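What follows is calculated from the coordinates using simple rules that are stated; it is not laboratory data. In this text, all values refer to a predicted model and were calculated from it rather than measured experimentally. Here the Cβ is made from the backbone with ideal geometry for all residues, glycine too, and neighbour counts use every protein chain on show.
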Amino acid sequence: MNHFNGIYAGLDVHKDRIAVAVARDGEEVLYVGDFPNTSAGIAKLLKRVSRGGEVINFCYEAGPCGYGLYRHLTSCGHACTVVAPSLIPRKPGQRIKTDRRDALTLARLLRAGELTSVWVPDAEQEALRDLTRAREDMKAIELKARQRLGAFLLRHGQVFRGKSRWTQAHWRWLETVKFDSPVQQVVLVEYIEAVKRAQRQVATLETQMREALTDWSLRPVAEALMAMRGIRLVAAMTILAELGDLTRFDTPSELMAYLGVVPSEHSSGQTRRQGRITRTGNGHVRRILTEAAWNYRFPARKTRVIERRAEQTSPQVQAIAWQAQKRLCGRYRHLTQVGKHKNQVVTAVARELSGFIWAIACEVTGKPHASKALS
């Protein structure tokens, strides 16, 4: 956090208005007022708060309004911190919440250095993140459409007897399903079209992802991550779009803690208790890692598909990917043999997988000490 003139401003940002409070070193925290959340309103805010062109340390909570205000303030030469809302210190007994009080609290905590900032992506990074999240949303819509179609068929005793659904055989079977009622036949067709429409949307966004990867600054890292088992285009781009430059984490342990895949702990005195994972941080990447970790329940081997993806990377990256596969497959086998639940085992594998991902990113970008993740 940069400190310039000892002037700290807390902003409670909403869609239409911004409540502002200012804390100066050695002075009482003052509420300035609220301003329209527009370009003209922000210009008026800066004129009111910055006396004689002073550089101000602004802060506001991360939320649905995005990072436009952050970019506006920093482009004007001021410092700005986007704060993690879940990590703001709060008094348990405080029962009154207003925009004025929130702004005053932010200004006071910013001056005291008690706020935790979040990573702010640049414009390119945010665009790729929007793309990967849109694909994730469309995939959720597709899964919901499939569930609705399956439930409709089950209610009327239409059950597919093949090995697996949503294969070519399943689609051919759907074409043979007939209802006596014309109305129900129309319902069936609409449900089927909803599934196909969602699939087309997912395919379109995946095509956009492949095209966007070509000019992306993190393309070398994304291609290197695809050398690992369980990580293909969607997984690699989602990880990097959400986290950006992985080398901003000094150690793999920092990345694991950021993703919320480390055990929670409640210890006191001589008693040390660890519980389920913290589930803090980025849930999108945590889900991707968990899905990828399931691939390590099989014995380690270099398949033709993995080898083709690995050919695009350096020998050092291939070595890390192979070491990760041997380690994680063995880890899964060992933990299941000692009686751990499969979900717990996969979580443990996902945690270690994030360390190997960090190591590959360090190898590609040339950051030293990448071997920390392999010990």
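Can you tell me the FRET efficiency between Arg71 and Thr204 if r is taken as the Cβ-Cβ distance and R0 is 22 Å, rounded to the nearest 0.05?
Rounded to the nearest 0.05, the efficiency is 0.15.
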Fill in: Residues with amide H under 5 Å from that of Phe58, placed H, sequence gap 5 or more
Ala9, Ala79, Cys80, Thr81
Item to complete: Enumerate the lysines that Lys44 could reach by cross-link, defined here as Cα to Cα under 27 Å, with residues fewer than 8 away along the same chain left out.
Response: Lys15, Lys97
Worksheet item: Where the centre of each part is set by its Cα atoms, how far does the range 206-224 sit from the range 5-52, in angstrom?
Response: 40
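Computed FRET efficiency, Cβ-Cβ of Lys178 and Arg101, R0 56 Å: what is it to the nearest 0.05?
Computed FRET efficiency for Lys178 and Arg101: 0.30.
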Item to complete: Using the structure shown, list the pairs from Lys144/Lys326; Lys139/Lys163; Lys91/Lys144; Lys47/Lys91; Lys139/Lys178; Lys144/Lys302 with a Cα-Cα distance above 30 Å, or answer none.
Response: Lys144/Lys326; Lys91/Lys144; Lys47/Lys91; Lys144/Lys302
Worksheet item: In the chain, which helices (entire DSSP H runs) extend 24 Å or more along their own long axis, judged by Cα positions, while averaging at least -1.0 on the Kyte-Doolittle scale?
Response: 123-155, 182-214, 315-337, 342-365
